[in-house]
Each structure stands twice: as structure tokens, then as C-alpha cells.
Amino acid sequence: MKRSVTLAVLCAAVVLPHFARAQGMPASSASIRVQNAPERMRVLWIAAHPDDEDTQLIAWLARGRRVETAYLSLTRGDGGQNLIGNELGEALGVIRTEELLAARRIDGAHQYFARGYDFGFSKSADETRQHWPQDSLLNDVVTVMRAFKPHIVITTFSGTPRDGHGHHQVSAIVARQAYDMAADTTRFPVKDFGAPWIPLKFYRLARFSPQDRTIAINVGEYDPNLGLSYQEIAADSRSQHKSQGEGTLRRKGVVWDYLTREDSRVPAPPAKEEKSIFAGLDTTRLLVQDGRVAPPEIPPSLALEAVADRQALALGDTAKITMTLYNRGRVPVRIESGEIHFPPSLLPDSSYQWTQAFVGGEITQPWWLAQPRNGDLFTPRINGVSEDEKERQKWAHVTVTTAQGTMSDVAAPIVFHYVDRVRGDVQRPLIVAPGISITLDQAVTMARANGPFNQLLKATLRSAFHDPTSVTVNLSLPRGLSADSAARTVLIAPGATRVVIFKVKGSLPRGTHQITAAANAKGQSFQTGYIPIEYPHINPQRIYRPSTLTINTADVVLPARLNVAYVPGVGDNVAPVLQQLGVPLTIVDADDIPQTDLSRFTTIVVGPRAYQASQTLQDNNEYLLQYVRNGGRLVVQYGQAEMQRPGVMPYPITLQQRAERVTDENAPVTFTDPQSPLLNAPNKITQSDFNGWVQERASYMPSTFDSHYRSMLAMNDPGEQPNRAAILAAPYGRGTYIYVPLALFRQLPAGVPGGARIFANLLGGNTIR
């Protein structure tokens, strides 16, 4: 929604620095943008992922020198792990997108993205190019560069193998290519990429190679206006990357950061003699200000609120928005009425309120997910508008004109505003949604072929209609399954949520099957719904998906008399799949291990990276090892460097600083011990069990391991030596300890049959001797 109202005020308005709060909404209730302001110096930072940016230098530039600064990330970080929840893939990318926006609200920069989908760790630029056609990302970077028009470009990485990650290498390569070619209108026509631009200087971050630095910057400068140093601001910014565990300490005093100048198109001192990254640039024309110096006298300011009469608006319906303009200054505001009949003057400490209609014309969702991906590239084109500006364009706007003729744009997000008795003031963004959203509790499930299928199917209904609505839910089932009811009908209050549960039973042959649910209301059939993504440090989001459940059935035999305890890990969706396969399973939190009778379990499973995420688990690990010594079976999914600490594993392992991994999900697998019980009982594992894998074969594989461990599989990426540590099993006391860098945590939630068969073997069978 964008409404323009022309106002005349006696004094100009300015934008003051503001910092984010743990929210659910942007930090400020309004923002003021002065038009025709002096041109500011612009700096564009380019790297591959959320958290690759140097927030210290970004904060120093944006806050400390009032330079217009932006970060361009080639990806949204979809391929990593999640330390705060179970979202992975595109859902994780939504979280990390919002975390970058939260970071930028703190350090003061803009945020851009290219179309790259983070497909997981890549070992080389060549491998990365197989997933991302390089010209596609180069096109994106040129588009952003021409739109933002940076005078200085900075990269985090070098574009060489020393970067370690293929994504990192490609980010630096395309950054330099775009810097060199942004003015080439033959290769990049104006009609497709915008007007040509010539950046003037190119730098690379030298924090990882300080011996190469050409300039050092004290990012620990204290800003008396903000009450913080730029490093402290940067620490708060970086700490927004909570899904990656990037919490950062504030540090007082001098803190140095380093850059290497790699090119300059303007007369400047030799790189090693340069005292400022702005050397050679016309700072009389391009505004650069010392943020520590107080800004000129601040004139009265205006604030805008836009409050909706509901939180969710059905597509095509109309909501009432109550707009309130506040004069929080010391002088009267003269208002020129346009379409709205404003009073002739708005006195200090007063306000004026009016209402406007808002029509829900487009579903509220992450714009890059509105269309299916094209391989490992998101489909919608990059148009050169920053992510934060896309967000601001959806706000309510009024245009302000000063007595001197200066125009400003005053904007505020449209929110549903209420008070929570515990949280206090709550502002939720107005969303446009289908009249009825229907979401099944999972998109993919697994079952044993030709075995009993007996599951509860939960359908969550959310109404965006403004009146009570009768909704009937119908199921479409594959042959072999039946439900306890063909349909369910419920009455949903305006804006309310209801859950409908069906009992589905039967049996299915091996293969892929689907259950589809439809919600029928007001003569319409609804077959999509959204998954809310909500955390205190980011704005709420939602991802839409069809109300369809895909069932992958596989020939999986379970060990007899299983009783499994599961200690959850990071981004861990394995336990629900084991339950779908019929494994009797109890979730045991790390805190509860000491008071739990572990002897009643045949097997205990520890989730991926659980030791890294939980000091309590490390503290209580001796209980698990004693359980093994007493005859139990402990299955530990992959960890990182913490697995080398004494007392975590029964026998030592070592990991290289850059741990070995097999990122090619189709890499050949060699059975080095085909007679191992883990490959033979109760399921006979064959090469076919490694077909159809997703993202990777194994993560953080030990480079060496104690001789007590037995290995049975070897694998490697092209051109590398085989690693035999995908599964390590050792007798320990009277029991068995199994360590599993094999990426089963990705295969089970994806419904890969071979992953389920292998995991079933890990849960029980013959003792390793």
C-alpha cells in the first residue's frame, strides 16, 4: 500500500540512527527520508552468505562516516544448519534473510541478494559453477552495482582456492568481474541492466591475511552520539545471526580491521601509503561525515502510524487502516490539504488521524519463493531494489514538503497493534492470505512398504475472512489407505485457527504416494497453506506450500524389540521420521539424562551437532558412556571440533581444521567391510541404497581415528583420497558405540529410502566385536 499525502512543514525533518529491538516489527514506527539531499559516498560489500560480511567495517562506514553502505549476498544461506529450530533449506533461507535485515537495521546498511540458492558446501569454484551458471550471478551483481552505484567495492574473499569454499571463491570472482564490466553496455545492455556505472576503487578484506593489508581502520572508535563504539554496534549486528550461533562480544578500546586495495581508477597514493579508503575521491562532492561529530541542529520531526483493523486480510478483501500523523517537534506544522482534508495547522505535541482503505491484492510471502526454483537459482529477476527498500515500499507513506521546498517521505509499516499482558506492546505486520489456509503438519513422510500404515493426519486451518466461516475439509487418499471420515466440517471465527485431525490407516506398496487435503468455504476450494516462521529477533514470515503429503514407502526392516531414546540435535528432523517408520521412540532432553532410567532403552540416538549446541549434554555425557559400557548401543550423529574433546567419544578421533566432507551426493561409495553387521542386518545394504541422496554424502569426517573403531564405507569427492570415516563403530565395555558423519540427518527428512534402511541397521542387530 502506498498513499501520498502532500504536507508543508516549517522545518525540515531528518533521519536519526535507530537500533533494532527484539520485535516482530522493524525498529522504528516510522522513517523519514529527505529527498534531494546531498549525494553521499556509496560502498558496496559483496560476499556469498549471510554472516560473510564484515559488520565492523560496515558499521564504521554507515554509522561512523555516514556513508551509504550496502551488503550484497549471493545466497540466503539456505544450505546450512540451524541452531535455533528445525527449519532447513528454503525455510532456513527465510530466517537468514530476516537475520541479515535485522543486522542491517543495527549497523545502518542496505541489504541486497542475488538469486543463488545455497545448495550446501562446495569445495571449488568449478563445482559451484555446475550449480550456478556464472553469468547468471554476474548478471545479478552487475544489476545491483548499476542500481546502487557504488564508488567503492569491497569483497570478503580473494577468489582463489585459499577461500576454502567454492561459494566464497565465486563471490569474489563475480565481484571483480562486475567491477571491471559494469560500464560495458554491449555485454550488459541498458534496457536489461540499467544505466552503466564505473566504480572507482576495489578493496578486499585482509582480516584473514593481515600481512597483505594496505590500510588499517580502527573500528573501535567511540561514538558519543550513539554511546557505543562501532565495534560494539557491529557485535550487536553480527549477533543477529542466531541461527548460525554467531553471538559476538562487545569490545571496548582500539580494534583494528584491515583492507587490501586491489584497484583504483582515481589518482590516489600508492596502496601501501594510503591513509583513507576515500583517498583520491572527491569528498567535497560526495558526502562523508565523521559520525562522532554531532549533526547540525535537529529540526522538529514527524512520525506516522498505520494501524490495521485486523492481522490477516483475505485476498481481495478490504481492511481499514487508521493513519495518525504526529508532530513531535517544537514548532507548528502547516499542512496543505490534498485528497484528505487536513486542518490548516498541526501544533507541537499534537496529531491528526484519518482512515484509508487497503485492498489485499497480493499474497504476503517471501517474494523469491513465489515461483518454483530453477535448479539452484531462484526464479524471479533481480531488479536492483534492496531487500530493505522492498520492505519499505509496502509501508504506508505520506509526502512532506517544508516551507523551504524540501520534500520528505514519511513512512510506517502497516501493523495490527495490541497489548499482550506479558510481552506488552505488540505490533504484528498486516498480512494478505487466502481466505482459508490449509496446512498439513508435514510435507513428506516415510512408511514401511506393505507394512501397517497408521498415522494421524493433522490439518491446520487459518481464516483470513472477517466473519465466521463454515469450512469443510476433504481428503484424497491413494489406493490402500482409508480415513476415519471422508470429510470434516468446522466453524472458524474471524482470524482464528482450527485443527482438524484424521486417522489414516492401511498399507502401501513400495514407491511414492500422495494425500491431498482441500478446504471448501464460501464456494471456493483452498489447497495451500502457510508455515509461520517466528523468532523474537526477526520479523515474522510465512512460507506457502500445497496441502499435500508425499509418502515415500521403502523396504525397511526394523530390529526386533526396539525401544529408542532420542536426544535432539541441531536442525534435527530425524526423530519424527523414525516414528513414522514405526520405531518406538522417546525424546530425552539433555537436562533429563541424569534422572532418566537409560537401561530401559535398547538404543540411544544423539542428534547432529548436539554436543556443540549443548554444554549440558557434554556435562552429562558420562551417563551415556556408562550406558554403553553396561551393554547399550549409542548412535551419535555427526559433530564438529567438539567431538575431539576428551570424554566426548570413548576413543579419540581427529578432524582437520577444514574437516573432510563429501559434498557430491552422488559420489561413489565403496564397501570396505561388506560383512559388517551394520551393512547386513536387519537390512542388506547395497549400492542402490545410495541412490537419490540429497545435498551431500557426509559431513565433518574424521581424518584419523583410533584402532578400536571399525570402518565399513569409503567415499570421496572427485580428485580426492577416500575417507573411511562415514560410519565408525566400536565395542565399548559390553555395548556398542557408533559415530555417524554419514549425512543421514538430511536423507531421512527428504524421504530417501536408503537412508532409512541404513539408519534402521544402526539401531540394532549384532553387537560389534
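The values are calculated or read from the model by the stated rules, or taken from the named source; none is laboratory data. Predicted, not measured: the structure shown is a model, and the values here were computed from it. Here the Cβ is made from the backbone with ideal geometry for all residues, glycine too, and neighbour counts use every protein chain on show. Only protein heavy atoms, including side chains, enter the accessible area calculation; ligands, DNA and RNA are left aside. Shrake-Rupley method; radii C 1.70, N 1.55, O 1.52, S 1.80 Å.
Within the range 507-530, if we keep just the residues that are outside any strand (DSSP E or B) and touching a Leu at 6+ places or on another chain (Cβ under 9 Å), the residue that is most open to solvent (accessible area, probe 1.4 Å) turns out to be S507. Just to verify a result, which residue in the range 406-448, among those that are modelled with pLDDT of 90 or more, among the hydrophobic types (A, V, I, L, M, F, W, C) and surrounded by fewer than 17 Cβ atoms within 10 Å (Cβ to Cβ), is nearest to Y530 (Cα to Cα)? Only one residue fits best here, namely A443. In the condition set (1) in contact (Cβ under 8 Å) with a residue 24 or more places away in the chain; (2) of a type in the set (D, E, K, R); (3) touching a strand residue (DSSP E or B) at 6+ places or on another chain (Cβ under 8 Å), E622 is compliant with all but (3).
The number of residues in the range 456-481 that are farther than 16 Å from T548 by Cα and over 33 Å from the mean Cα position of the chain (by Cα) comes to 7.
Matching residues to (1) under 26 Å from the mean Cα position of the chain (by Cα); (2) free of Cβ contacts under 8 Å to residues at least 60 places away in the same chain; (3) more than 28 Å from R373 (Cα to Cα):
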{"position": "I154", "(1), (2), (3)": "yes, no, yes"}
{"position": "G166", "(1), (2), (3)": "yes, yes, no"}
{"position": "Y179", "(1), (2), (3)": "no, no, no"}
{"position": "V190", "(1), (2), (3)": "no, yes, no"}
{"position": "I198", "(1), (2), (3)": "no, no, yes"}
{"position": "F208", "(1), (2), (3)": "yes, yes, yes"}
{"position": "I217", "(1), (2), (3)": "no, no, yes"}
{"position": "G220", "(1), (2), (3)": "no, yes, yes"}
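Which of the residues belonging to the range 463-482 are open to solvent by 30 Å² or more (accessible area, probe 1.4 Å) and either of a type in the set (S, T, N, Q) or part of a loop (DSSP other than H, G, I, E, B) (or both)? Result: H466, D467, P468, S470, T472, N474, S476, L477, R479, G480, S482.
If only residues of the range 76-96 that are out of contact with any helix residue (DSSP H, G or I) (no Cβ under 7 Å at 6 or more places or on another chain) and among the polar types (S, T, N, Q) are counted, the one that is surrounded by the fewest Cβ atoms within 10 Å (Cβ to Cβ) is N86. Of everything in the range 673-707 that is under 15 Å from P753 (Cα atoms), in contact (Cβ under 8 Å) with a residue 12 or more places away in the chain and of a type in the set (D, E, K, R), the residue that is surrounded by the fewest Cβ atoms within 10 Å (Cβ to Cβ) is D689.
If you check T663, T670 for being closer than 28 Å to E720 by Cβ, open to solvent by 30 Å² or more (accessible area, probe 1.4 Å) and touching a residue at least 40 places away in the same chain (Cβ under 8 Å), only one passes: T670. Listed by position, the strands (runs of 3 or more DSSP E) contained in the range 537-594 that have at least 1 residues being modelled with pLDDT of 95 or more and more than 21 Å from T439 (Cβ to Cβ) are 548-554, 564-567, 585-587. Just so you know, in the range 299-333 the residues that are among the charged types (D, E, K, R) and part of a strand (DSSP E or B) include one that is surrounded by the most Cβ atoms within 10 Å (Cβ to Cβ), and it is E305.
Inside the range 214-243, residues that are modelled with pLDDT under 95 and of a type in the set (K, R) make up a count of 0. For the range 759-769, the set of residues classified as in a helix (DSSP H, G or I) and more than 30 Å from the chain's Cα centre (by Cα) consists of A760, N761, L762, L763, listed by residue number. Within the range 595-612, if we keep just the residues that are of a type in the set (A, V, I, L, M, F, W, C) and either touching a Phe, Trp or Tyr at 6+ places or on another chain (Cβ under 9 Å) or in a strand (DSSP E or B) (or both), the residue that is surrounded by the fewest Cβ atoms within 10 Å (Cβ to Cβ) turns out to be L598. The set of residues from the range 359-405 being in a strand (DSSP E or B) and either open to solvent by 60 Å² or more (accessible area, probe 1.4 Å) or modelled with pLDDT of 95 or more (or both) comprises V359, N374, L377. Within the range 432-462, the set of residues being charged (D, E, K, R) and assigned to a strand (DSSP E or B) comprises R448, K458, R462. For the range 169-215, the set of residues classified as open to solvent by 60 Å² or more (accessible area, probe 1.4 Å), more than 27 Å from H131 (Cβ to Cβ) and assigned to a helix (DSSP H, G or I) consists of V190, K191, Q211, listed by residue number. For the range 613-636, filtered to residues that are open to solvent by 60 Å² or more (accessible area, probe 1.4 Å) and modelled with pLDDT of 95 or more, the residue that is nearest to Y566 (Cα to Cα) is Y623. Taking the criterion of being crowded, with 19+ Cβ neighbours inside 10 Å and either on the phi > 0 side of the Ramachandran plot or basic (K, R) (or both), the only residue of the range 711-737 that qualifies is R724. Is it the case that the range 483-506 has a residue that's in a loop (DSSP other than H, G, I, E, B), touching a residue at least 12 places away in the same chain (Cβ under 8 Å), at negative phi and surrounded by 21 or more Cβ atoms within 10 Å (Cβ to Cβ)? Scanning the range 483-506 turns up no residue that is in a loop (DSSP other than H, G, I, E, B), touching a residue at least 12 places away in the same chain (Cβ under 8 Å), at negative phi and surrounded by 21 or more Cβ atoms within 10 Å (Cβ to Cβ). Can K252 be described as modelled with pLDDT under 95 and either closer than 30 Å to W395 by Cβ or part of a loop (DSSP other than H, G, I, E, B) (or both)? Spelling it out, it is not the case that K252 is modelled with pLDDT under 95 and either closer than 30 Å to W395 by Cβ or part of a loop (DSSP other than H, G, I, E, B) (or both). Output the residues belonging to the range 216-243 that are open to solvent by less than 40 Å² (accessible area, probe 1.4 Å), of a type outside the set (G, A, S) and either over 30 Å from I538 (Cα atoms) or in a helix (DSSP H, G or I) (or both). Result: I217, Y230, Q231, E232, I233.
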